[in-house]
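The values are calculated or read from the model by the stated rules, or taken from the named source; none is laboratory data. For clarity, every value in this text was computed on a predicted model and none was experimentally measured. For neighbour counting, all protein chains shown are included, and Cβ atoms are generated from backbone atoms with ideal geometry for every residue, glycine included. These area figures cover heavy atoms from the full protein model, side chains too; ligands, DNA and RNA do not enter into them. Shrake-Rupley method; radii C 1.70, N 1.55, O 1.52, S 1.80 Å.
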Amino acid sequence: MAAVLRRSPVSRGIVGTMRKVSTHAGCRGRGQRTDARALLAAATEPGGAHSRRKRQVFSMTLLSFQIGIFFTAVLYCSVEGKRDPITYCGACRAMVDELLYEIRKVSPSKTIDVGSFRINPDGTQVQNKVPLVKSEVYLTEVLEGICEKMDDYSLYIDPNTKEKTFKRFAPRDNDPFITDDFNNFQFNPSDSNPLKYACERVVEENDEEIISLVTKDTKDFAEKLCNEVVGFCKDIPHTEL
């Protein structure tokens, strides 16, 4: 399912539609309710070419469509309502860790031209230089593939406290491979990756807030995002990844 809802224009449209429908169904979501009666009124407007029989068929089709959407919304709300705090908190912190790592790899001196709405007297557009790592273009590109890094994480159980967290087990670049406590990781034998799915939901629903926090040089970025913005880590002890 995670592969279906990646950050593509199609997936954004699907998720946006589901949020609108879930609002109509009574669960948490954004958007406005869709008034299907307007569609029916347009189809049966006096003077149209629709016969009585065609209007009846259209009404039945519309009713079936509404019922299907309603049950889909109920299923969507049910799935979204079962977000495991440990998984979603781990996904948020891991995403931040990977994002900051990618930013650190870029030289602070690298800049990019960003256009403004001001126009010079000669008719040319004003261009402003901003650090590359704080540009929306760069950050959006990084966020597009950030959740693929979740394959390098797994559930870790502290041998002493039995606390469950998600930690990175795969080394980066020339980092040494973990050997001492590797047995304390629990790997998912199935093809699904709940951490990656949770990461995609966090990014999909909060991409603007993530970019804003980075561009503002927000201190305690992970705590601000994961505790205050998305709220998944409010009751989860902080553990360094």
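Things worth noting here:
- Taking all protein chains as they are arranged and a probe of 1.4 Å, the heavy atoms of D113 leave approximately 90 Å² accessible to solvent.
- Accessible solvent surface per residue of segment 124-194, calculated while the other protein chains remain in place, 1.4 angstrom probe, Å²: 65
- Cα-projected label distance for D158 with N174, points at 7 Å along beta-carbon direction, nm: 3.3
- Residue separation of T140 and D235 scaled by 0.36 nm, minus their Cα-Cα distance, works out to 31.3 nm of gained length.
- Sequence of V137, V130, V202 when ordered by accessible area, the most exposed leading, probe 1.4 angstrom: V137, V130, V202
- Debye intensity ratio I(q)/I(0), log10, segment 160-216, q values 0.19, 0.21, 0.26, 0.31 Å⁻¹ (C-alpha model): -0.96, -1.01, -1.07, -1.20
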